[in-house]
Every structure is written in structure tokens, then in C-alpha cells.
Amino acid sequence: MNSQRDKNRVIIFDTTLRDGEQSPGASMNLEEKLRIAQMLEEMGVDVIEAGFPVASNGDFEAVNAVARAIKNSTVAGLARAGRADIERAADALKPAVRPRIHTFLSTSPLHMKYKLQMEPEQVHQLVIDSVTLARRFTDDVEWSPEDGSRTEHDFLCRCVESAIKAGARTINIPDTVGYAVPAEFAALIAMLFNRVPNIDQAIVSVHCHNDLGLAVANSLAAVAVGARQVECTINGLGERAGNAALEEIIMALRTRADAMPYTTGVKSEHITKASRLVSTITGFVVQPNKAIVGANAFAHESGIHQDGVLKHAQTYEIMTPESVGLNRSNIVMGKHSGRHAFRAKLKDLGFELGDNALNDAFRRFKDLADKKKHVYDEDIVALVDDEIGRANDRIRFVSLQVVCGSKGPQTAELELEIDGQALHTKASGDGPVDATFNAIKALFPHEATLRLFQVNAVTEGTDAQAEVTVRLEESGKSVNGQGADTDTLVASARAYVHALNKLLVKREKTAPAAMTA
């Protein structure tokens, strides 16, 4: 690859589909994974880690489908050090133009003693055996020492050297529990360059978690001393506090090229679109003050700041909104807007819909325009996000009528379409939301527990669309669902139904032991 020959080129390895999906509540079906993978390829991401094929049949099928669909990016499948994992990953990746097997094994004293219950010599031999096996299926093998940042240096160097001898062409050093600080992590990477004699035969990669809020800082510190692959996710998605955020890595390198003279192949203008897509699919709302992609990232309320920006944008903006694909157009859509204008607006916002999906979205847009005086870009994004990608849902929201108020009782009349059959019921509850959710349970009985109910206004004003996030948990598995509507209760019902549909997908998946972080 050219990226490996250019000493200042940083390879971007995106693990949104694998590590990102390990976030509690985040789950993606095959169609959703394909949409994200295609977006990542369009962005110019070098490596897409599509999943953990041995985890379940669903994970295998998703990795296999991504491998078939992606032509330019490398597609990676994760595997533990065992034969079954590696062979399963190889099978899933067979259609890939550029397949990579990413295999890993814990190397820290803590993990070897308590998780693996293996002696260092056994672990070292398993590193050699697993990489050797993976190389039988592909020339592109990546090896990771799980909990690498807490591994004894002598043993880490020995394992890295052996992995490279066995055929690993990328060595990834994970800060699995987000414990490292930048100077320490940079020193660890520099130590490997100084002590491992064959380190020049591999690309050094880093995979940092954000438990202390240092994932991006640690990753950039590693790049500064020679690492040339960064593993990251859209919106920083990932288990616990998440991973290094792709958008922050990209824009830090682009904005501060004077201090960090490194390049990537990622087209930053796709960042906002990718962020919205991942947020919609996973149900994880991006916090307003999130760097690069948060709603307030380019907002200025202070009078002094507003005055400066109006005189010269760079007084308070170190990057332009356009550089991350943020559209700042004014209100142009309303109830008199036609289908052609709506299609053009969707394209401007980054959506390409088929005829059927366009018709459904246009119908909802017209309904929205009748209710709202002004329709903003954010309204259209929320509306379309709420519609697309749900063609295979077993449960569909049809209608809701609620009676509520201080005198009670609060009741909800609900109609759902379940497996193509229209069902109707009436239920009561402790408030209108409780009544609505009780009605859903009556029509589709389940044992899931509500863990999160969150309401956000998409825009300003009393006629703003509500964007609701619901988290359901069942048998230790949790999923997030989202719904949008000018009626908060309708948005709540849509979000709950969305979560239920995702839970049905999640039921088919079983997580293997010893997942890497």
C-alpha cells in the first residue's frame, strides 16, 4: 500500500462496527452495518474492522456481507488466538478484495494470571502459533497484545518480535483499559522502536480507550513517535467511555499540520454525515458540546465571540464548518416545497433515498410542514433518520391517541403492525408515557426492562420535533432506539418500537468470552 511507503501517512483503522457495537445499548443489523461500512469506504477509511465472526452467525454474516460489498478499503475480522476463531474469521473474509485477520492475546501479568490462567511461556508460544495460522489465510495479519499498555516491557518486546517473525505485518498496541497518559504511552511506543530488532518490518498501530478522556491525546502522542496506524470509531463510540474519536483524530491532524505533519486519506467533508448516520443507527445521541460534530461545535452565543466571528471567522473558529461537511443553509423548506426541492435538500444533507423511501419521507415532511411554521435542516435530518433503514422491522408504529392530564386516568390507544398484522389496544398507566409503553407491551409481550428514557428538542420553539431515545435491557443485552415527531408521545412510541426491533436482532447474538478492548 502507498500508505505504508509514505513515512508521514497515517492509516485510519475504523472499528465502529466491532468495538463500537460493544457499547451497552449499541446494536446494528446487517443492513445497518453495510450502510456504515459503505460510508466509511466513501470517506476514505483505510481499514474497516467489520466484526467478530465467531461471536454469532449474525456477526459472521455481517462481516461476510461487508467483505463482499467493500472494494477499496481493507476489511478486517477480529479473532482470538484459537484455531476456531481464526478459521471462522478467514471464512467470513473470503470475498474481500483486501482481507485482514486481526488476532489478539492478553499479555499483561494481570490478564495472563486471572483471565487466561496461563504462564508467560504458554502465551508467547500461542502468539507464534496464532499468527502463523492466520498467515495461512492472508498476507495481511494484525496482532494485538491485549492490555499492552500494562504489559511488562521485556515480555512485550519478545512477543512483538515473535509476532513479526511469524508474519504479522501490523502490530497494534492497545491501551485496553484507558489507563495510559500521553507521555507514558509515547514512551512505550518509542521503546518498541528502540528495542524490537525487526520492528521496521511492521506498521505500528495504537488502539486507545477513553476511560480518562485521553484516547485521542494518547493516539496522537504515539503518532508523533512513529505509530502509523490509529484505531478509532465514529463519535468515539465504544465500550465503557469509548474509543479515540475518528473525527477528532482527523481534524487534529488537519488543523494542526504545523505541529503534526502527518496526513490521512480520509475526506473530512464526510464527517458530519457519518456522525449522524452512526448516531441514528445506534441510538447514541451526540452530546451538544462534543468536539467537531456536536451541535454547539460551531455555535457562538457570547456577544464578544459573535462579534469576532462576524468580523473574521478565524477569531473563534479554528476550522470551518464546511471542512467537516456541516451544512449551514438557512430556512428554505416549507409546506409549499415540492418533491424535487425536497430531493435536492436531502442530497445536500447527505441522503440518497430510493423512490419508495423518498415517498415515505416526503409524506412525513409534508405532515411536519403543516404542523411547524419553520422547517429547519435539523428537522429534516431527524425525520429522515427516523424513517430510513427500518424496512425489515417486524414491528411498525401506526397510530397513537393519548388521554392525559392532572385528573387522570392516563390512557393510550395504540395501533401497531406486527409481522404484517394490524393490532389495536387500549392501556392505562402512571402518566401518558407509561400508558403508551404499557400498550406496546400488551400488543407485543416481552420481558425487557426500560433503562433509559431521554427527550431532546431537535430545534428551538414549542413546535420543535422531539427526538426520544429509549434503552431496553433483556437478559443482560441492551439496545437503544430512537424516534422523532412533533408529538413527544408519538416520538416515544416510535423510539420504544425501534428498540424492540433492535432487541429482536440482538437476541440472535451471543458474545464470546474474552473480547478485546
Exercise. What order do you get for TYR376, TYR496, TYR179 when you list them from fewest to most C-beta neighbours inside 10 Å?
Worked result: TYR179, TYR376, TYR496
Problem set entry | the chain - share of DSSP beta bridges that are antiparallel (%, nearest 5) | 50 percent
Exercise. What is the sum of charges around GLY178, taking Lys and Arg as +1, Asp and Glu as -1, for the other residues whose C-beta is under 13 Å from the C-beta of GLY178?
Worked result: -4
Exercise. Tell me, THR320, THR16 in order of fewest to most beta-carbon neighbours within 10 Å?
Worked result: THR320, THR16
Exercise. GLN125 to LEU450: extension gain in nm, 0.36 nm per residue of separation minus the Cα-Cα distance?
Worked result: 112.4 nm
Exercise. By how many degrees, between 0 and 90 and to the nearest 10, does the Cα long axis of helix 377-387 differ from the longest principal axis of the chain?
Worked result: 80 degrees
For this session: Quick one: grab the alpha carbon gyration tensor of the stretch 53-176, order the square roots of its eigenvalues as a ≥ b ≥ c, and give me rounded if a/c is under 1.5, else prolate or oblate depending on whether a/b is larger than b/c.
Result: prolate
Exercise. Pairs LYS347/LYS372; LYS33/LYS426; LYS267/LYS347: which are spaced more than 27 Å apart, C-alpha to C-alpha?
Worked result: LYS33/LYS426
For this session: Report the calculated FRET efficiency for ILE418 and ASP360 (r = Cβ-Cβ distance, R0 = 22 Å), to the nearest 0.05.
Result: 0.70
For this session: Kindly put ILE292, ILE418, ILE48 in sequence by how many other C-beta atoms sit within 10 Å of each C-beta, fewest to most.
Result: ILE418, ILE292, ILE48
Exercise. Could you give the alpha-carbon Rg of the stretch 395-506 over 2.2 N^0.38 Å, rounded to two decimals?
Worked result: 1.02
Exercise. Does anyone have the angle between helix 120-135 and the longest principal axis of the chain? Alpha-carbon axes, 0 to 90°, nearest 10?
Worked result: 70 degrees
Exercise. Which angle from 0 to 90°, rounded to the nearest 10, does the C-alpha axis of helix 215-224 make with the longest principal axis of the chain?
Worked result: 40 degrees
Exercise. What is the packing order of peptides 90-98, 120-128, taking the mean over residues of other C-beta atoms within 10 Å and listing the highest first?
Worked result: 90-98, 120-128
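Bear in mind that the values in this text are calculations on the coordinates, not laboratory data. Keep in mind the model is a prediction, meaning the values are calculated, not measured. Positions of Cβ are backbone-derived with ideal geometry, glycine not excepted, and every protein chain shown enters the neighbour counts.
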